[in-house]
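Undergrad: Structure below; questions to follow.
Please treat every number below as a calculation from the coordinates, not as lab data. Keep in mind it's a predicted model, so treat the numbers as computed, not measured. Counting neighbours? That spans all protein chains shown, and the Cβs are built from the backbone with ideal geometry, glycine included.
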């Protein structure tokens, strides 16, 4: 009986952790506007910080990724919906520029899909 209770508790904890990392809604960070371009600096170290970036539709976006680790998982960032994939050399700032034309939520990940972030594009 104790084994069953421990197993159930373990599965519940695993489910809670999975929900928190993959399905919970996180507040985002609005990109700052400079010279008509929406900008955000994203630090790559154990994940993306910030991992949710809010921008406006139809306005240019400049995301600067700075990778501060040597993990092979973080070598590349991929924006599948925008057909963007960039190599992120350790210690360098890499700029990605594009203009989102549709409102919605768009995922960005490492090449393995373990590091995840979201670009939230809102109506202007």
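Undergrad: Which residues among the range 38-68 fall inside the zone where the amide N is under 17 Å from a point 7 Å beyond the Cα of residue 99, along Cα→Cβ?
TA: Zone members listed by number: 38-39, 55-63.
Undergrad: So for 63, 12, fewest C-beta neighbours within 10 Å to most, what's the order? Mind dumping the intermediate values first?
TA: Numbers: 63 24, 12 10.
Ranking 63, 12 by Cβ neighbours within 10 Å, fewest first, gives 12, 63.
Undergrad: I've got another one for you. Output the relative contact order of the range 27-122, whole-number percent, from Cα pairs under 8 angstrom with separation of 6+ residues. Please report the intermediate quantities before stating the final value.
TA: On the way: 232 pairs, mean separation 28.7, N = 96.
Contact order relative to length: 30 percent.
Undergrad: What FRET efficiency do you get for residue 68 and residue 14 if R0 is 25 Å and r is their Cβ-Cβ distance, rounded to the nearest 0.05? Walk me through the intermediate numbers first.
TA: Details: r = 29 Å, r/R0 = 1.17.
Plugging the Cβ-Cβ distance into 1/(1 + (r/R0)^6) gives 0.30.
Undergrad: Using the count of nearby Cβ atoms within 10 Å as a rough guide to exposure, how do 82, 11 rank from fewest to most?
TA: Numbers: 82 16, 11 10.
The most exposed by this proxy come first: 11, 82.
Undergrad: Also: Which of 66, 107 has the fewest other C-beta atoms within 10 Å, and how do the rest follow up to the most?
TA: Working: 66 16, 107 13.
Exposure proxy ranking, most exposed first: 107, 66.
Undergrad: Something else about it: Just checking my list [x] 116; [y] 103; [z] 131 against volume of the Cα convex hull per residue in Å³ computed from this structure; which label fits?
TA: Here volume of the Cα convex hull per residue in Å³ agrees with entry [x].
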